[in-house]
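Worksheet for the structure shown next.
The values are calculated or read from the model by the stated rules, or taken from the named source; none is laboratory data. Note that this is a predicted model, so its numbers are computed, not measured. Cβ placement follows ideal geometry from the backbone for every residue including glycine, while neighbour counts extend to all protein chains displayed. Heads up: the accessible areas ignore ligands, DNA and RNA and are worked out on the full protein's heavy atoms, side chains in. Shrake-Rupley method; radii C 1.70, N 1.55, O 1.52, S 1.80 Å.
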Amino acid sequence: MNHIEQLQKGSSVRGLKKLTAAALGALALMSAAPAMADVVDFESIGSATYDGKEVFGENGYTMQVIDSPLSVSGTGFAGAVGNGSDPFLCAIAACPVGNDTSFYMGLNDGAVKISRDDHHAFQLYSLSYAFVAPVAGLASDSYGMLTVTGQTVAGGQALATFRFPLLDKDGYSPFRLAGLSSAFGDTMFSSVTISSCLWNDGGACVNPSGNQAQFAIDNLVLAAVPEPSTYAMMGLGLAAIGLVSRRRNNKQANA
């Protein structure tokens, strides 16, 4: 092999290494995507109250408050962010216990719809939830369920429900962790709506429920889904690697 051939071979190897590194980098980015989770914990928002149709956000996610289904205008009081360490947080209701940080409360049969600021798809892995009892001192029982309804990017729906924890001896609800992997898996959502319902006399869980279907959520673990262009870049990189490898093999065979 002469000097020129050696230079050409060295240049091909260097190019192959660059392409390999680029493709492996894209592959690593995608494989790490589920681990690169976002957490919505409401700590940056501060105490606030919301009517239906109002919007707030944190960490790349938009939360739109939804008023009670019975409301005509859709703009009644339906949500709040408060801190569990505030002794005046729930003067007229029974706030959950065991959480001294900020959390969101869906009130008066209200709900909250979550989506990405950039309108990309996302996944939801887990969240903490509790019941916001209308008054303290209720008997220890599970009065209803949290309902998590996801709108998939394919146009379908995925549903997960979780019974509210039993109230403690003083009539307050503790927070409980809800894992969503078994219900949702790797489903990609365009939005997720969180609401609640209460058991009626017939044993069904209903909303509206006299403005008493209320819930609290915290520490939502989500992750944005990589755009299709990321997958396309990896595919192009792997194709280029294959092309360079074939050319190098052909040159060696001809030599």
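Rank-order 136-142, 165-171 by packing density, defined as the average count of other C-beta atoms within 10 Å over each peptide's residues, highest first.
Ranking the peptides 136-142, 165-171 by packing returns 165-171, 136-142.
At what distance in angstrom do the alpha carbon centres of region 144-202 and region 63-142 lie from each other?
Taking the Cα centre of region 63-142 as reference, the centre of region 144-202 is 12 Å away.
Which sequence of K53, K113 reflects their accessible areas, 1.4 Å probe, from the largest down?
Sorted descending by solvent-accessible area, the residues read K53, K113.
Taking 0.36 nm per residue of sequence separation and subtracting the Cα-Cα distance, how much length would be gained by fully extending the chain between S182 and L159, in nm to one decimal?
Once the chain is fully extended between S182 and L159, it gains 7.2 nm.
Ordered by residue, what ³J(HN,Hα) values in Hz, to whole numbers, does region 114-123 give under the Karplus form 6.51 cos²θ - 1.76 cosθ + 1.60, where θ = phi - 60° and Gly and Pro are x?
10, 8, 7, 4, 8, 6, 6, 6, 8, 10
Going by accessible area, probe 1.4 Å, with all protein chains left in place, what is the ranking of R176, R116, R163, largest first?
R163, R176, R116
Relative to the present Cα-Cα distance, how much length would full extension add between A48 and A93 at 0.36 nm per residue of separation?
That pair, A48 and A93, stretches by 14.6 nm at full extension.
Cα gyration tensor of region 34-131, axes a ≥ b ≥ c as square roots of the eigenvalues: rounded (a/c below 1.5), prolate (a/b > b/c) or oblate?
Taking the square roots of the gyration eigenvalues as a ≥ b ≥ c, region 34-131 is oblate.
5 Å is the cut-off here: which amide hydrogens, built 1.01 Å from N in the peptide plane, fall below it relative to V225, excluding neighbours closer than 5 in sequence?
Correct list: A121, F122, Q123.
How would you order 179-186, 45-52, 125-132 from highest to lowest mean count of nearby Cβ atoms within 10 Å?
125-132, 45-52, 179-186
Enumerate the amide H contacts of S191 below 5 Å, restricted to partners 5 or more residues apart or on another chain; note that Pro and chain-start residues carry no placed amide H.
Q151
Residue by residue through region 205-222, which ³J(HN,Hα) values in whole Hz follow from phi under the Karplus form 6.51 cos²θ - 1.76 cosθ + 1.60 (θ = phi - 60°), with glycine and proline marked x?
Here the 3J(HN,Hα) series is 9, 10, 8, x, 9, x, 6, 10, 7, 9, 8, 10, 9, 7, 6, 6, 9, 10 Hz.
What do the square roots of 5 times the Cα gyration tensor eigenvalues come to for region 105-173, in whole Å, largest first, as semi-axes of the equivalent ellipsoid?
30, 12, 10
Can you give me the % of accessible surface on region 138-196 that is carbon or sulfur? Probe 1.4 Å, all protein chains present, nothing else counted.
Taking all protein chains in place, region 138-196 shows 53 percent carbon and sulfur surface.
Two decimals, Cα atoms only, Kirkwood Rh: what is Rg/Rh over region 78-225?
Values: Rg = 15.2 Å, Rh = 15.6 Å.
Reported Rg/Rh, Kirkwood definition of Rh: 0.97.
Under 5 Å between amide H atoms, partner at least 5 residues away or on a different chain: which partners does E54 have, H built in plane at 1.01 Å?
The list, which skips near neighbours in sequence, is V65.
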